[in-house]
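K.L.:
Before I ask anything, here is the structure I am working with.
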Amino acid sequence: MSVFILAAMLVLQDAEAPPATADTDIPLVEEAVADVTPAPLATDAATLITEFDTAYAQWGDLIAEMAARKARDRYIRDLLLSRISRADLDPGARTEIIEATGDTFNAVDEGNTAWAISLLDEFDFAALVSEQPTLAADIAALIQHGDISAQRRLLDLVEPFALAGGFNGGRYALLYDRVAVAEDRPQRYGSQFRCENGEQVYPPIEDPDMVDERRATLGLEPLAVYQARTNQFYGSSCSE
């Protein structure tokens, strides 16, 4: 897939993905919920200050690193999109710009992906989802640029939480469909498309009559609305 498609799809996918679930919304195993009454939240200053300090010491550096990586990633994509989306470009300029900036995109993507994959070994992903759901979703977004083995590993970790409503539904849908298309299987949520002969083509969808229902369970808009936005973004054609 071209750098242009990757850059553009990030814009569309950010709109597609709903906000990450709040910490207190993470579901527990049903049997545990039935038998255990949650402890009341602390209300005294000393306990809350300790919680603040502990959370900052545990996650502050990691979240700062993620923020820096996301900011650089977004910056270079905005730089590219602001140029190749213009209607007054010289003939062939869009392709030339994309080719010339490809090395920069590859270096940023590869560095971010390798860093995110390393976090799967360093941290308990279940703890990340429970304690830092936004961070977990951001890690998933970076690994989606990785090879299929990394994406499959992440999908296996994410899926139980996503289907239970405890993980960003948009990120899960994108990940599931990317893995499915890479493995030559029908996508489930219709989030993936590719360019063929300058036109947008959507790979086959599993049980297409049920796709909107599946998308709704993840908090996503109907497929026709999503596809209309991609068509509006690209117009009648797209770059290979």
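K.L.:
Against the condition touching a Lys or Arg at 6+ places or on another chain (Cβ under 9 Å), among the charged types (D, E, K, R) and part of a helix (DSSP H, G or I), how does ASP209 come out, does it pass?
P.N.:
Judged against the criteria, ASP209 is not a match.
K.L.:
For GLY219, all conditions in the list (1) surrounded by fewer than 17 Cβ atoms within 10 Å (Cβ to Cβ); (2) more than 30 Å from ALA68 (Cβ to Cβ); (3) not hydrophobic (A, V, I, L, M, F, W, C) hold save one; what is the number of the exception?
P.N.:
Condition (2) is where GLY219 drops out.
K.L.:
Can I ask one more? So ARG229 fits all but one of (1) touching a residue at least 40 places away in the same chain (Cβ under 8 Å); (2) basic (Lys, Arg); (3) open to solvent by 70 Å² or more (accessible area, probe 1.4 Å); what number is the exception?
P.N.:
Evaluating ARG229 over (1) touching a residue at least 40 places away in the same chain (Cβ under 8 Å); (2) basic (Lys, Arg); (3) open to solvent by 70 Å² or more (accessible area, probe 1.4 Å) leaves (3) as the failure.
K.L.:
Then there's this: Identify all residues within region 188-205 that are under 15 Å from GLY170 (Cα atoms) and of a type in the set (Ser, Thr, Tyr); write none if there are none.
P.N.:
TYR189, SER191
K.L.:
Follow-up question, since we're still on this one. Looking at LEU223, LEU154, can you tell me which residue is within 30 Å of PHE123 (Cβ to Cβ) and touching a helix residue (DSSP H, G or I) at 6+ places or on another chain (Cβ under 8 Å)? It would help to see each step written out before you state the result.
P.N.:
Details: LEU223 fails: within 30 Å of PHE123 (Cβ to Cβ).
Of the residues listed, the single one that is within 30 Å of PHE123 (Cβ to Cβ) and touching a helix residue (DSSP H, G or I) at 6+ places or on another chain (Cβ under 8 Å) is LEU154.
K.L.:
Which condition does PHE161 not pass, out of (1) touching a residue at least 60 places away in the same chain (Cβ under 8 Å); (2) part of a loop (DSSP other than H, G, I, E, B), if it passes all the others?
P.N.:
(2)
K.L.:
Further question on the same structure: Please name all residue pairs, on different chains or six or more residues apart, with Cβ atoms under 7 Å, provided the first residue is in region 64-90 and is in contact (Cβ under 8 Å) with a residue 24 or more places away in the chain and farther than 17 Å from LEU135 by Cβ and the second residue is open to solvent by 50 Å² or more (accessible area, probe 1.4 Å) and charged (D, E, K, R).
P.N.:
Pairs found: ILE84/ARG94.
K.L.:
What residue, among those in region 169-212 that are on the phi > 0 side of the Ramachandran plot and not polar (S, T, N, Q), is surrounded by the fewest Cβ atoms within 10 Å (Cβ to Cβ)?
P.N.:
First, pick out the residues of region 169-212 that are on the phi > 0 side of the Ramachandran plot: 184, 190, 197-198, 207.
Subset that is not polar (S, T, N, Q): 184, 190, 198, 207.
Details: ASP184: 8, GLY190: 25, GLY198: 11, ASP207: 10.
If we take residues in region 169-212 being on the phi > 0 side of the Ramachandran plot and not polar (S, T, N, Q), then ASP184 is surrounded by the fewest Cβ atoms within 10 Å (Cβ to Cβ).
K.L.:
Which one of the conditions (1) at pLDDT below 95; (2) under 29 Å from the mean Cα position of the chain (by Cα); (3) of a type in the set (D, E, K, R) does ASP35 fail to meet, given that it meets all the rest?
P.N.:
(2)
K.L.:
Residues being surrounded by fewer than 18 Cβ atoms within 10 Å (Cβ to Cβ), in contact (Cβ under 8 Å) with a residue 12 or more places away in the chain and among the aromatic types (Phe, Trp, Tyr): count how many of those fall in region 93-137.
P.N.:
Final tally of qualifying residues: 1.
The values are calculated or read from the model by the stated rules, or taken from the named source; none is laboratory data. Bear in mind the structure is a predicted one, so any value in this text is a computation, not a measurement. Note that we place each Cβ from the backbone using ideal geometry, even for glycine, and neighbour counts take in every protein chain shown. Calculation scope for accessible area: heavy atoms of the full protein, side chains included, ligands and nucleic acids excluded. Shrake-Rupley method; radii C 1.70, N 1.55, O 1.52, S 1.80 Å.
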